[in-house]
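As structure tokens, the structure follows; a few thoughts come after it.
The values are calculated or read from the model by the stated rules, or taken from the named source; none is laboratory data. Fair warning: this is a prediction, and the values are worked out from it, not measured in the lab. No Cβ is skipped: glycine too gets one built from the backbone with ideal geometry, and neighbour counts run over all protein chains shown. Heads up: the accessible areas ignore ligands, DNA and RNA and are worked out on the full protein's heavy atoms, side chains in. Shrake-Rupley method; radii C 1.70, N 1.55, O 1.52, S 1.80 Å.
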Amino acid sequence: MTKTILITGANRGLGLEFVRQYAKEGATIIACCRDPNEAKDLQDLQKKHLNIEIHSLDVSSESDRLKLKEKVSKPIDILINNAGMLEKGAAFGNISVDELNKTFLVNAVAPLKLTETLSENIAKSQRKLVVCISSSMGSISDNTSGGYYSYRASKTALNMLMKSAGVDLASQGIQVLLLHPGWVKTRMGGSDAMIEPEVSITGMRKVIEKYSPAAGEVRFYRYNGEIVAW
Ligand SMILES: NC(=O)c1ccc[n+]([C@@H]2O[C@H](COP(=O)([O-])OP(=O)(O)OC[C@H]3O[C@@H](n4cnc5c(N)ncnc54)[C@H](OP(=O)(O)O)[C@@H]3O)[C@@H](O)[C@H]2O)c1
């Protein structure tokens, strides 16, 4: 049976590459982005693959999340919470509360709330999987260089929120997976990054394909299948 995969932040970077690879494989794609009219690369992919539908979604907006739920009634096999933001932010002594709040909302709270909003669609699918694109920058044990307060803490919070969700969703057969995509050449990763989006997404798709945790278990993997320490 054809899988249905919903991807946030699908207009560029890793989200767009997820769409490209899964659409080529024949999956049905629900591609979400803030401004579909400006999403030229995504529109071009849609012209090549009839199995892509595009929806408007600012993940931080509750009304957008609810409107999406009204428009999407079909089962969702895999929800990929990919949309994210990074602001380097000020150094210690000048931390911005607004930046912390905004980054927490987009990177941590929104993936949890979208999972809640779409949990019925996920529960009635075959695969029943929620994937969140986290970051090794959210690993407490890996943090030896400090800084990046809002980004690091938002990804740590994402990991914990989704660990709880994974435990709570186990009774419905829903699995939760956290992934570090590597340091990837996107607008966020920059041109000095180590790998191309194609390599990162090919790796993450393999991890997703093989993922079969025990009920309520939530794991944090690198794109190449290595475990990331919390
Ligand atoms: N690249 C890396 O090296 C790296 C490393 C570790 C983790 N990650 C994670 O990987 C994910 C994808 O990052 P990327 O590298 O592809 O970054 P990117 O090229 O900067 O793309 C970010 C995507 O998130 C979307 N987005 C941001 N805020 C949003 C909001 N409020 N609502 C909906 N969409 C929103 C952007 O949409 P707009 O075009 O509308 O802004 C864009 O599609 C993120 O969660 C990031 O934290 C990336």
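Listed conditions (1) under 15 Å from the mean Cα position of the chain (by Cα); (2) under 21 Å from M160 (Cβ atoms); (3) open to solvent by 40 Å² or more (accessible area, probe 1.4 Å) are all met by A214, apart from (1). Among the numbered conditions (1) within 15 Å of the ligand (Cβ to nearest atom); (2) closer than 15 Å to L118 by Cβ, the only one that L42 does not meet is (2). Hey, can you tell me all the residues within the stretch 70-96 that are outside any loop (DSSP other than H, G, I, E, B), away from the ligand (no atom under 13 Å from the Cβ) and crowded, with 16+ Cβ neighbours inside 10 Å? Matches in the stretch 70-96: I78, L79.
Look at the stretch 125-152: where a residue is touching a residue at least 12 places away in the same chain (Cβ under 8 Å) and a partner is among the polar types (S, T, N, Q) and part of a helix (DSSP H, G or I), sitting 6+ places away or on another chain with Cβ atoms under 6 Å, you get V130/T115; S134/N159; G138/T156; G138/N159; D142/S136; S150/T103. Only residues that are open to solvent by 20 Å² or more (accessible area, probe 1.4 Å) and either within 11 Å of the ligand (Cβ to nearest atom) or without any contact (Cβ under 8 Å) to a residue 12 or more places away in the chain (or both) were counted in the stretch 153-170, giving 3. The condition of being farther than 28 Å from S191 by Cα, touching a Pro at 6+ places or on another chain (Cβ under 9 Å), touching a residue at least 40 places away in the same chain (Cβ under 8 Å) and not aliphatic (A, V, I, L, M) holds for only one of T8, T4, that being T4.
When the stretch 134-150 is filtered for residues that are surrounded by fewer than 23 Cβ atoms within 10 Å (Cβ to Cβ) and either part of a loop (DSSP other than H, G, I, E, B) or within 11 Å of the ligand (Cβ to nearest atom) (or both), the ones remaining, listed by number, are S136, M137, S139, I140, S141, D142, N143, T144, S145, G146, G147, Y148. L114 meets each of the listed conditions (1) within 14 Å of the ligand (Cβ to nearest atom); (2) within 21 Å of E226 (Cβ to Cβ) apart from (2).
Go through the stretch 97-108 residue by residue and tally those that are within 15 Å of N81 (Cβ to Cβ) and open to solvent by 60 Å² or more (accessible area, probe 1.4 Å).
Taking the stretch 97-108 first, the residues within 15 Å of N81 (Cβ to Cβ) are 103-108.
With the extra rule that they be open to solvent by 60 Å² or more (accessible area, probe 1.4 Å), the set shrinks to 104-105.
Selection size over the stretch 97-108: 2.
Taking the numbered list (1) among the small types (G, A, S); (2) within 9 Å of the ligand (Cβ to nearest atom); (3) under 30 Å from K71 (Cα atoms) in turn, S119 passes all entries but (2).
Quick one: in the stretch 17-39, of everything that is open to solvent by 10 Å² or more (accessible area, probe 1.4 Å) and within 9 Å of the ligand (Cβ to nearest atom), which residue is farthest from S60 (Cα to Cα)?
If we filter the stretch 17-39 for residues that are open to solvent by 10 Å² or more (accessible area, probe 1.4 Å), which is where we start, we get 17, 20-21, 24-26, 28, 34-38.
If we keep only those that are within 9 Å of the ligand (Cβ to nearest atom) as well, we get 17, 34-35, 38.
Details: E17: 22, R34: 10, D35: 14, E38: 19 Å.
Once the filter is applied, the top-ranked residue is E17.
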